[in-house]
Amino acid sequence: MKKIGDFIKKHKKAVIIIVIVAVIAIIIAVMVHKTKKKAEELMGQMTQETYVLEKRNLVKSVSGTGKIASVEKKDIIVSSLSNVKVAEVNVKLGDAVKEGDIICTFDTEDIERNLANAKTDLAIAQKKTANSMDNQSRGLYNTQLDAVNDTNRNLEELDKAQRIYDTAKGEKAEASRVFDEVYDVYEDYYDEDEYYDLQEELQKVKKRLEDYSTPDTSSQLAEFNEAKVDLMVFLNQNNIATQGNALEKIEAGGYISDTPTAQFVDVNDASYTGASSSDQQAIDQKAERLKNANDSYISAADQGDYNELVEKKNALSNKISNMETAKSKMESAKSSTDSAKKSLDSAADSLTDAQRKQEDNYRKDVNGVKDAENNYDSAKLDASVASRDFEDKVRKYEEMLEEATLRAPFAGIITAVNYEPGDNYNGQTVVTLEDLSSYVIEAGIDEYDISKVKVGQQVKFKTNATGDEELEAEVIQIAPRATAAAASSASSSGATTTSGTASYLVKMKITSDSKDLRLDMTAKINIIVDEADDVYAVPFSAVQTDENGNTYIEVEDTVVDASAASAGEEVAEGDAPADIPDAGKGKKPLFGGKNAPDMQGQMPGMTPTRRINVTTGVETDYYVEIKSPELSDGLTVIVFGSEGNGMDNLMMMMGPAGGL
């Protein structure tokens, strides 16, 4: 022992390595043993049933049970009657009646008396209502008429005020135009400072004229006039035509007029037509005389600037007069403008008052009419309400009188009679009437299957009375909400539903003729929700889905080489599952095929397989329709177990050490 201890101490690292290697070897041995055992177990499970492919008819249905009922059933009551005597009952249990046949009658003495009183009360109420409405109608009419007349008067006043305003506006515009024109003249002629300067100067001129002494020029003036007449007479007598400005002015009384002037024009400046030299000499002499007389007069009269002062006075007076006239006209125009503006303002105020009055009165009239209309409408409502109670009473007793004779609402069979003549009716069912011309089946379908059921779907059913005879019906109505919790009802899966699931009432009209059917018989139904005829179908577990979502089946691959064929080995045959009709009897291994892992060299006895991609169609409880151009009768299809693909299971069971 001591030697061993010494050895370990000397070779400590080597010992540790040896121990680790030993532990690893033990672990590997255990894992290999377990893997081998699991593989052996899996190999025992990897044989699955096969199914020989063939065409069949598929029918998917929802199953259940129901009761046969009449197509229409009615518990007949008279809701308007209570505490009245039953006079006669005209039917008995099992009687057939037609629509409109009398079923029974009630005592109507009290009803008729109440109806007569109600009609009298209604007539009185209607008369009162008519009188009230007539008063309200007249009041509304008078209010409307007053409103129209008032509105017309206000509009006339408004129109008059508008015309006055328009006239005043035009006069104001004209006065403003005249004022503008006059003011322009006033601006041209009148200057305040100049006006007072002219007044002052005029006073000075007048003062000088008052102080001026007039000279005696009568003899000089007489000489002047005589010389002028002498010249004019000579010219006229000798028919001497004159040309030139001087003589024309003499003839026109221009420079040489009744009074001499300092602006005398020498007549010698004129020329004469038709004058001889002697005439011209005489004319010159006479003209010279006239000029000398004029100069003599001027010389005698010119003792200062009297004439100039007179002219200046006249000029100043004219200018002052013009300025005063311009100012007067301007002030008059301004006064007219101011007056026109006042008239316009007054007219505008009158127009505004008229508009306001018209609006106020219109608003008052509108409100008055609305009040009258509201009163009229209120009276109508009151009248309606006042008469409604009486009308309701009349209508009520008329309905009671009509319903006192109870008639069949449709043709059918009396299945219950609850009253006899003399009984006091208390509002319960008088009789029960059912239409037995055709039947329906009423069945509760649970919430798992109700979404598959549609109106118009065909139904196959059997009853105990009809034995194995399969009758037909059609779905005609599906309740929109659950009627009750289904305690136990068959479903499309064939299993009984759990208590408490929702149940929906489905009605199916029976289309088959059968005299053996009766009310309340139990019917076993199959509602056909989908079907397909003459199609390829396989058990559900035969259809697989790959990692890309594609569906496929695996079939035995019979086209292989001889060595591959000899490598496979058929396992013991077994019977097909009872719940998969027509399943193949042979049990075959599921490995192989072009899309499966290459296990032929490692798994002796395996039959090679290949995949066929398919699409699915109608599904029943056990089968599913498959479609593919590669399908044909007689193919051997692999039916997988619930564990799934065998190779995947094997790899999972082997775990991480499976590859060691």
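Exactly one of (1) part of a strand (DSSP E or B); (2) closer than 21 Å to Glu442 by Cβ is unmet by Asp520. Its number?
(1)
Exactly one of these conditions fails for Asp468: (1) more than 46 Å from the chain's Cα centre (by Cα); (2) touching a residue at least 12 places away in the same chain (Cβ under 8 Å). Give me its number.
(2)
In region 104-129, which residue that is within 50 Å of the chain's Cα centre (by Cα) and without any contact (Cβ under 8 Å) to a residue 12 or more places away in the chain is surrounded by the most Cβ atoms within 10 Å (Cβ to Cβ)?
In this case the residue turns out to be Ala123.
Please list, ordered by first then second residue, the pairs with beta carbon atoms under 9 Å, 6 or more apart or interchain, first in region 43-54 and among the acidic types (Asp, Glu), second open to solvent by 50 Å² or more (accessible area, probe 1.4 Å) and modelled with pLDDT under 90.
So the pair list comes out as Glu49/Lys585; Glu49/Lys587; Glu54/Asp582.
Quick test for you: out of Asp101, Asp146, pick the one residue that is touching a residue at least 40 places away in the same chain (Cβ under 8 Å) and open to solvent by less than 70 Å² (accessible area, probe 1.4 Å).
It is Asp101.
Based on this model, can you work out whether Glu200 counts as more than 60 Å from the chain's Cα centre (by Cα), open to solvent by 70 Å² or more (accessible area, probe 1.4 Å) and modelled with pLDDT of 85 or more?
Considered against the rule, which asks whether it is more than 60 Å from the chain's Cα centre (by Cα), open to solvent by 70 Å² or more (accessible area, probe 1.4 Å) and modelled with pLDDT of 85 or more, Glu200 comes out as yes.
What residue, among those in region 416-429 that are surrounded by 16 or more Cβ atoms within 10 Å (Cβ to Cβ) and in contact with a Lys or Arg (Cβ under 9 Å, 6 or more places away or on another chain), is farthest from Ala87 (Cα to Cα)?
Restricting to residues being surrounded by 16 or more Cβ atoms within 10 Å (Cβ to Cβ) and in contact with a Lys or Arg (Cβ under 9 Å, 6 or more places away or on another chain), the top hit is Val417.
Would you say Lys291 is in contact with a helix residue (DSSP H, G or I) (Cβ under 8 Å, 6 or more places away or on another chain), without any contact (Cβ under 8 Å) to a residue 40 or more places away in the chain and over 28 Å from Asp191 (Cβ atoms)?
For Lys291, the condition - in contact with a helix residue (DSSP H, G or I) (Cβ under 8 Å, 6 or more places away or on another chain), without any contact (Cβ under 8 Å) to a residue 40 or more places away in the chain and over 28 Å from Asp191 (Cβ atoms) - is met.
Find the residue count for region 337-349, including only residues that are open to solvent by 60 Å² or more (accessible area, probe 1.4 Å) and in contact (Cβ under 8 Å) with a residue 60 or more places away in the chain.
The number of residues fulfilling the criteria is 3.
Yes or no: Asp513 in a loop (DSSP other than H, G, I, E, B) and open to solvent by 90 Å² or more (accessible area, probe 1.4 Å)?
The answer is yes for Asp513.
Looking at region 389-415 only, could you name the residues that are touching a strand residue (DSSP E or B) at 6+ places or on another chain (Cβ under 7 Å), open to solvent by 30 Å² or more (accessible area, probe 1.4 Å) and aliphatic (A, V, I, L, M)?
Ala411, Ile413 - these are the residues of region 389-415 that are touching a strand residue (DSSP E or B) at 6+ places or on another chain (Cβ under 7 Å), open to solvent by 30 Å² or more (accessible area, probe 1.4 Å) and aliphatic (A, V, I, L, M).
Output yes when any residue across region 83-92 is modelled with pLDDT of 90 or more and within 55 Å of the chain's Cα centre (by Cα), and no when none is.
No, region 83-92 contains no residue that is modelled with pLDDT of 90 or more and within 55 Å of the chain's Cα centre (by Cα).
The values are calculated or read from the model by the stated rules, or taken from the named source; none is laboratory data. Note that this is a predicted model, so its numbers are computed, not measured. Note that we place each Cβ from the backbone using ideal geometry, even for glycine, and neighbour counts take in every protein chain shown. What goes into the accessible areas is simple: the full protein's heavy atoms, side chains included, and nothing from ligands, DNA or RNA. Shrake-Rupley method; radii C 1.70, N 1.55, O 1.52, S 1.80 Å.
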